[in-house]
Amino acid sequence: MINIIDDILLKDNFTHEELMILLASDVEGRNKIFKKAAQIKEDYVGNIVYFRGLIEYSNSCVKNCYYCGIRAGNKFSTRYNLTDEEVFDAVRYAYENNFASIVIQSGERVNVGFTEKISALLKEIKQISKGTMGVTLSLGEQDLETYQKWFKAGAHRYLLRIETSNRELYKKIHPDDAMHDYNVRLEALKNLKKAGFQVGTGVMVGLPFQTISDLADDLIFFKELDIDMAGLGPYIEHHQTPLYIEKDRLISKTERFNLSLKMIALLRIMMKDINIAATTAMQAIDPMGREKAIKVGANVIMPNLTPIKYRENYQLYEDKPCMDEEADECKNCLEARIKIAGHTIGYGEWGDSLHFKKRKGLI
Ligand code: 5AD
Ligand code: SF4
Ligand code: FES
């Protein structure tokens, strides 16, 4: 008799019910999912991992997401902004080390001064790198015009997580006001596409009140939105946030980690040619978290280039790794980890989403 998991895995697009079975599978089932995902990864995007040097530009944020350590309401958070020179030093490091791409991430800020500051930085980043540096932005919800300005200034990928595709759950983990509106988030994702970006989104796995059915819906949401990139990882409680009071409801960290791995593998099977990040949050739970993510489908990693003196202030969640490691240490460490996972690093290559290129008729 054919095992039900084998049967489902003969296909590569799944119904909601099938996804629930796969997400709930035991270790034996899980290993079958991982094996298929690894094969698909090798066949479609190759066993190459692309570096994106991560610059955590500022931890100032106007929002109050209940789960996040740098939310505006966290009075214990010391706010910082990198100076232009600090940004350029990080860019020079990335350039000299052949990273080919950087990510600029920060808390959300919506004002003309911020928009223009980012545009000016983008132009200078292109100058410093002789036009070669690929730039991903992760600066939250903005209007279409702002996205268009940043695209024109040289950014070409954008990450904006939906956090959860369940509107009710979204309401539970955010203040119920106009600044934290699911529809606005969705609209922003559509505007990013309109502006020409390669668009990445993602969710947190193991949120309080989240079910396996929600996670199955998340995967279907990614497929329907036809995303180019994904970044997902476990929810990790932060004691200075309102959601911390729900900590007794959480599944264990190991379960959140294992479910995140399964989500990555299933997404690789469902969306074969997208880019998937091995997120830092994976490594906050399991010391080998990022290697494991790479083995089951992830193909992007973000070595941290933020100056060390600021790192402790960019703690969206607790136990974040690489708090005291210089850029060089993280680079060497990740190089070794990627090698152990049997992959090579795509130095000097943008490693753009093949899915995006196909979507645009470029390949
Ligand atoms: N645990 C895990 N991920 C978190 N993020 C924010 N807070 C947490 C947390 N406590 C993630 C969100 C956000 C991204 C920048 O960081 O998904 O989109
Ligand atoms: Fe701000 Fe992002 Fe944290 Fe929400 S998750 S509070 S938008 S930094
Ligand atoms: Fe930063 Fe290993 S990745 S020290």
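The values are calculated or read from the model by the stated rules, or taken from the named source; none is laboratory data. Note that the structure is a prediction, hence the values are computed from the model and not measured. Backbone-built Cβ (ideal geometry, glycine too); neighbour counts: all protein chains shown. The area values use the complete protein model at the heavy-atom level, side chains included, leaving out ligands, DNA and RNA. Shrake-Rupley method; radii C 1.70, N 1.55, O 1.52, S 1.80 Å.
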**Request:** Pop out the ³J(HN,Hα) list for the stretch 301-312 in order, Karplus 6.51 cos²θ - 1.76 cosθ + 1.60 with θ = phi - 60°, rounded to Hz; leave Gly and Pro as x.
**Result:** 9, 10, x, 7, 10, 5, x, 4, 4, 9, 4, 5
**Asked** Is the shape of the stretch 70-212 rounded, prolate or oblate, going by the alpha carbon gyration tensor and its root eigenvalues a ≥ b ≥ c, with a/c under 1.5 for rounded and a/b larger than b/c for prolate?
**Response** prolate
**Message:** Once you order the gyration tensor axes a ≥ b ≥ c over the Cα atoms, which shape class does the stretch 33-97 get: rounded for a/c under 1.5, otherwise prolate or oblate by comparing a/b with b/c?
**Reply:** oblate
**Item:** For residue 198, residues with placed amide H under 5 Å, excluding near neighbours
**Value:** 157, 158
**Asked** Carbon and sulfur together cover what percent of the accessible area of the stretch 13-80 at a 1.4 Å probe radius?
**Response** 54 percent
**Request:** Sequence neighbours fewer than 8 away in the same chain don't count; with that in mind, list the lysines whose C-alpha is under 20 Å from residue 63.
**Result:** 75, 117, 171, 172
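Ignoring ligands, DNA and RNA, what percent of the accessible area of the stretch 210-353 is carbon or sulfur (1.4 Å)? Write down the numbers at each step before the final one.
Working: 2680 of 5290 Å².
Ligands and nucleic acids excluded, carbon and sulfur give 51 percent.
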**Message:** Just to confirm, what accessible area per residue do you get for the chain at 1.4 Å probe, in whole Å²?
**Reply:** 41 Å²
**Message:** Can you compute 3J(HN,Hα) from phi for each residue in the stretch 229-246, using the Karplus curve 6.51 cos²θ - 1.76 cosθ + 1.60 with θ = phi - 60°, rounded to whole Hz and x for Gly and Pro?
**Reply:** 9, 9, x, 9, x, x, 6, 10, 5, 10, 5, 9, 10, x, 5, 4, 5, 8
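Sequence gap at least 6, Cα distance under 8 Å: using those rules, report the relative contact order of the chain to the nearest whole percent.
Once normalised by length, the contact order is 24 percent.
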**Message:** Could you give each residue of the stretch 3-16 its phi-based ³J(HN,Hα) in whole Hz, using Karplus coefficients 6.51, -1.76, 1.60 with θ = phi - 60°, and x for Gly or Pro?
**Reply:** 5, 4, 5, 4, 4, 5, 6, 5, 9, 10, 10, 10, 7, 4
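Compute the semi-axes of the equivalent ellipsoid of the chain, taking the square root of 5 times each eigenvalue of the Cα gyration tensor, and list them largest first in whole Å. Mind dumping the intermediate values first?
Values: eigenvalues 174, 115, 83 Å².
After diagonalising the Cα gyration tensor, the semi-axes are 29, 24, 20 Å.
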**Request:** Assuming a ≥ b ≥ c are the square roots of the Cα gyration tensor eigenvalues, decide whether the stretch 160-281 counts as rounded (a/c under 1.5), prolate (otherwise, with a/b larger than b/c) or oblate.
**Result:** oblate
**Asked** Amide H to amide H, which residues 5 or more places from residue 206 or on other chains are under 5 Å from it, using H placed in the peptide plane?
**Response** 235
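Order these peptides, 75-85, 323-333, 132-142, 207-217, by their mean beta-carbon neighbour count within 10 angstrom, highest first.
Working: 75-85: 12.5, 323-333: 15.0, 132-142: 21.6, 207-217: 19.6.
Highest-to-lowest ranking by the protection proxy: 132-142, 207-217, 323-333, 75-85.
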**Request:** For residue 53, list long-range residues whose amide hydrogen, built 1.01 Å from N in the peptide plane, is under 5 Å from its own amide hydrogen.
**Result:** 101, 102, 103
